[in-house]
Amino acid sequence: MLFDMDGTLVDSEKLWDVALQELAQEYGAELSAEARRSIIGTSMAESMRILHDDLGQPERDPEISAAWINARILELFRSGLRWRPGAFALLRAVRAAAIPTALVTSSPRALVEIALDTLGRDNFDTVVCGDEVVAAKPHPEPYLTAARLLGVPIERCVAIEDSPTGVASARASGAAVLAVPAEVPLGHIAGVHQVQSLTGVDLDLLAGLLADPAAAQPQR
């Protein structure tokens, strides 16, 4: 099992909203709703590029902006994270069944370490963070890396995602994909099973995704 974090397991996208809008205000502007949607699921570098372009300030240093965002989001994460509906129960069921499990996120390691206080470090056999891969989502590398570290063929993995960027990454890797839209509607995506919530998702449903060959074909 390969779980995304932000918007999938925990309701953290709202905290990112706060940090991004506060930074935009620091720069004397306001982040548009369209740009905010585009940022969801992307790497920090890409997020800062989108933000700077949207504010009409492409000359800004992305490393300085990223450092500001990381410091603020660390504060917000420490104030507490809420599970997405059904996420805790599904993760608990997966672990009870002794299924190899990875957390695959675009967030940096320092932030993920704080989130793991809520998620539980023992719930994951490995964790792949956004600053630990060469190519971030939507590239398939994060999910391919997680499968390799678990020692499980990617075709035998189910990835759970909420964003277009994450779904694209998981699909390109060859994993079966369960999509749970949070902040951004996904529309129809061939080979991707969608649910409104993880509430009610069980091991039988996940096994059914692996039984459908079409659900695990990489995008071309």
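The values are calculated or read from the model by the stated rules, or taken from the named source; none is laboratory data. Since the structure is predicted, the reported quantities are computational estimates derived from the model, not experimental observations. Using ideal geometry, Cβ is built from the backbone for each residue, glycine included, and neighbour counts are taken over all protein chains shown. Keep in mind that these areas ignore ligands, DNA and RNA; they rest on the heavy atoms of the full protein, side chains included. Shrake-Rupley method; radii C 1.70, N 1.55, O 1.52, S 1.80 Å.
For every residue, the table says whether it meets (1) touching a Gly at 6+ places or on another chain (Cβ under 6 Å); (2) in contact (Cβ under 8 Å) with a residue 12 or more places away in the chain; (3) crowded, with 21+ Cβ neighbours inside 10 Å.
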| position | (1), (2), (3) |
| --- | --- |
| Ser106 | yes, yes, yes |
| Ala110 | no, yes, no |
| Val134 | no, no, no |
| Ala147 | no, yes, yes |
| Ile154 | yes, yes, yes |
| Leu186 | no, yes, no |
* Asked: Is it true that Ser173 is closer than 23 Å to Ala45 by Cα, among the hydroxyl-bearing types (Ser, Thr, Tyr) and modelled with pLDDT of 95 or more?
  -> yes
* To do: Starting from the range 21-50, take each residue that is aromatic (Phe, Trp, Tyr) and list its partners that are part of a helix (DSSP H, G or I) and crowded, with 18+ Cβ neighbours inside 10 Å, counting only C-beta distances under 8 angstrom and pairs at least six apart or across chains.
  => Tyr27/Leu55
* Structure fact -> Considering residues that are open to solvent by less than 20 Å² (accessible area, probe 1.4 Å) and of a type in the set (Ser, Thr, Tyr), the number found within the range 69-104 is 1
* Structure fact -> Glu22: passes all of (1) modelled with pLDDT under 95; (2) under 21 Å from Ser79 (Cβ atoms); (3) open to solvent by 30 Å² or more (accessible area, probe 1.4 Å) but (1)
